[in-house]
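The next block holds one structure in the form of structure tokens; read it before the comments.
Throughout, read-outs are computed from the coordinates displayed, never taken from laboratory work. Worth saying up front: this structure is predicted, and the values here are computed from it rather than measured. Quick reminder, even Gly has a Cβ in these numbers, built from the backbone with ideal geometry, and neighbours come from all protein chains shown.
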Amino acid sequence: METGGIAMSRQDREGTRLSSSTSPVGPYGSKYFSINDSTSGLLQTVFICSFMLLAPVFGYLGDRYNRKVIMVGGMMAWIVTTLGSSFITQSYFWVLILMRALVGTGEASYSTIAPTIIGDLFSGTKRTVMISFFYIFIPVGSGLGYIIGSTVASATGDWRWALRVRDF
């Protein structure tokens with residue numbers, strides 16, 4: 001059962017790294033889409049708004065329906081939309097905005113439900129430790145997302161590869 005909590009912490013770290021690595025598309029993405037900084041910032045705004053609006057909805061659903069199914073569905077949506085975002089062509093920036101909203105939806109589903117699953121799997125001090133790991137990896141994953149994402153984008157010369165390597 002202990003591996004469940006560790007898996008949740010790892011998944012949260014992965015999700016946070018992903019959203020952090022794509023929040024600003026960076027100089028490569030801005031050039032690719034021919035957008036300015038404020039338009040680039042719209043990507044993070046759309047992500048945050050969908051996450052913020054849907055997290056309570058997934059909390060409500062998680063109290064009434066199978067949490068594992070909701071979380072796995074959210075993770076699958078997150079993976080598919082992130083990978084799909086890397087194949088968007090220059091003339092379809094609006095699709096990238098839509099995909100960022102869907103990434104926020106996927107992340108809202110599992111980040112809301114994962115702590116409750118950890119709470120169900122563990123009790124006492126073990127629960128405290130596992131939930132601590134879960135929340136500690138949010139800023140760690142965020143920092144790693146910027147580092148790894150920018151390294152991959154610089155190495156390949158293409159911002160889209162930062163999105164492609166995230167799913168693996």
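Could you give me the ³J(HN,Hα) list for the range 104-112, computed from phi with Karplus coefficients 6.51, -1.76, 1.60 and θ = phi - 60°, whole Hz, x at Gly and Pro?
Listing the rounded values in order: x, 5, x, 5, 4, 5, 7, 6, 7 Hz.
Using the 10 angstrom Cβ neighbour count as an exposure proxy, how do 100, 64 rank, fewest first? All intermediate terms of the calculation are to be shown ahead of the outcome.
Values: 100 26, 64 8.
Lowest count first: 64, 100.
May I ask you to evaluate 6.51 cos²θ - 1.76 cosθ + 1.60, the Karplus curve with θ = phi - 60°, for each residue of the range 35-40 and list the ³J(HN,Hα) values in order in whole Hz, giving x for glycine and proline?
Per residue, the Karplus-derived 3J(HN,Hα) values read 10, 8, 5, 5, 5, 4 Hz.
Let me make sure I get this right: for the range 35-168, a, b and c are the square roots of the gyration tensor eigenvalues over alpha carbons, sorted descending. Under 1.5 in a/c it's rounded, otherwise prolate if a/b > b/c, else oblate. Which is it?
Numbers: a/c = 2.33, a/b = 1.62, b/c = 1.44.
Verdict is prolate for the range 35-168.
Considering only the other residues whose Cβ falls under 13 Å of the Cβ of residue 48, what net charge follows from Lys and Arg at +1 and Asp and Glu at -1?
That sum, taken over residues with Cβ under 13 Å, equals 0.
In whole Hz and in residue order, list the ³J(HN,Hα) couplings for the range 75-80 that follow from phi through the Karplus curve 6.51 cos²θ - 1.76 cosθ + 1.60, θ = phi - 60°; x for Gly and Pro.
With the stated coefficients, the range 75-80 comes to 5, 5, 4, 4, 5, 5 Hz.
Note down the nm distance, to one decimal, between modelled labels 7 Å out along Cα→Cβ at residue 57 and at residue 39.
2.8
Taking 0.36 nm per intervening residue step and subtracting the Cα-Cα distance, what contour gain separates residue 92 from residue 120 on full extension?
5.8 nm is the gain from fully extending residue 92 to residue 120.
Please order 120, 158 by the number of other Cβ within 10 Å, starting at the fewest.
On the way: 120 13, 158 16.
Ordered by Cβ neighbours within 10 Å, fewest first: 120, 158.
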